[in-house]
Amino acid sequence: MSAGLTFRKARKEDVTLILTFIKELAEYEGLLDEVKADEDTLRYNLFERKMAEVLFPTVDGKEIGFVLFFHNFSTFLGKPGIYIEDLYIRKEYRGNGYGKATIDMIYKLAEERGCGRVEWWCLDSNTPSIEFYRRIGAEAMTDWTVHRLVIDAK
């Protein structure tokens, strides 16, 4: 693991920090106007309903980013998997191996939980991340197209 790096599981009182990281990531991706999440929604879904989990990579006790993930299921493998919804390391901490260490932590967690794989999406325009994922051995799933139905909360 990268020097000085530890991981901390998010708690209910971390909702403000989680939302801050979500907005920083969205700004980095040029999608800040698409963020609809608020603290109450995150608190309810992450800590009351337990629909996803958040870990913070920390250096010297300071949160330097976050990873938000949840379980999915592969019928072909007959096993659960972990889907990484967001992985974000603040700019000033990039290039130190913290992103790789975070993925390694999720991979280890997946192994401990008996999962068959770890997956995530990446914007086609996010060249630095795509190059990083290739360097760590991740394979792009080029034969699959993402489809989405949006539930419009009225």
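Coordinate-derived values only; no laboratory data. Because the structure is a prediction, the values reported are computed rather than measured. Cβ sites come from the backbone with ideal geometry, for glycine too, and all protein chains shown count toward neighbours.
Quick check on region 101-154: take the gyration tensor over C-alpha atoms, sort the square-rooted eigenvalues as a ≥ b ≥ c, and tell me if it's rounded (a/c under 1.5), prolate or oblate.
Here region 101-154 falls in the oblate category.
Looking only at region 70-154, where both bridge partners belong to it, what percent of the DSSP beta bridges are antiparallel (to the nearest 5)?
Around 60 percent of the beta bridges assigned by DSSP in region 70-154 are antiparallel ones.
What FRET efficiency comes out for residue 79 versus residue 131 if R0 is 30 angstrom and r is the Cβ-Cβ distance? Round to the nearest 0.05.
Efficiency at R0 = 30 Å is approximately 0.55.
Restricting attention to region 1-92, which chymotrypsin sites (Phe, Trp or Tyr not before Pro) occupy a DSSP loop and are surrounded by at most 10 other Cβ atoms within 10 Å?
Here the sparse-neighbourhood loop sites are 76.
Could you compute the FRET efficiency for residue 35 and residue 70, with r as their C-beta to C-beta distance and R0 at 22 Å, rounded to 0.05?
0.75
Please say if region 1-61 is rounded, prolate or oblate, where rounded means a/c under 1.5 for a ≥ b ≥ c the square roots of the C-alpha gyration tensor eigenvalues, and otherwise the choice is prolate for a/b larger than b/c and oblate otherwise?
It is oblate, given that a/c is not under 1.5 and a/b is not larger than b/c.
What residues qualify as long-range amide H neighbours of residue 74, i.e. H under 5 Å apart, gap of 5 or more or another chain, H built at 1.01 Å from N?
79, 81
Among 135, 90, 11, which one moves the most in a GNM of the chain with springs linking Cα atoms closer than 10 Å?
135
For the chain, set up a GNM with springs between Cα atoms under 10 Å and report which of 59, 35, 15 has the largest fluctuation.
Comparing 59, 35, 15 in the GNM, the peak value goes to 35.
With N residues in the chain, what two-decimal value do you get for its Cα radius of gyration over 2.2 N^0.38 Å?
In units of the globular-protein estimate, the chain measures up at 1.05.
What number of lysine-lysine pairs in the chain show an alpha-carbon separation below 22 angstrom, given a sequence spacing of 8 or more or placement on distinct chains?
Within the chain, the lysine pair count is 24.
What FRET efficiency comes out for the pair residue 96/residue 51, r = Cβ-Cβ distance, R0 = 25 Å, nearest 0.05?
Calculated transfer efficiency: 0.20.
Test of understanding: in a Gaussian network model of the chain with alpha carbons linked when under 10 Å, which of 14, 143, 33 would top the mean-square fluctuation ranking?
Greatest mean-square fluctuation among the candidates belongs to 143.
Using the Cα centre of region 5-135 as origin and beta-carbon charges of +1 (Lys, Arg) and -1 (Asp, Glu), tell me which of 96, 106, 64 is placed farthest towards the positive end of the dipole.
About the Cα centre, the residue reaching furthest to the positive side is 106.
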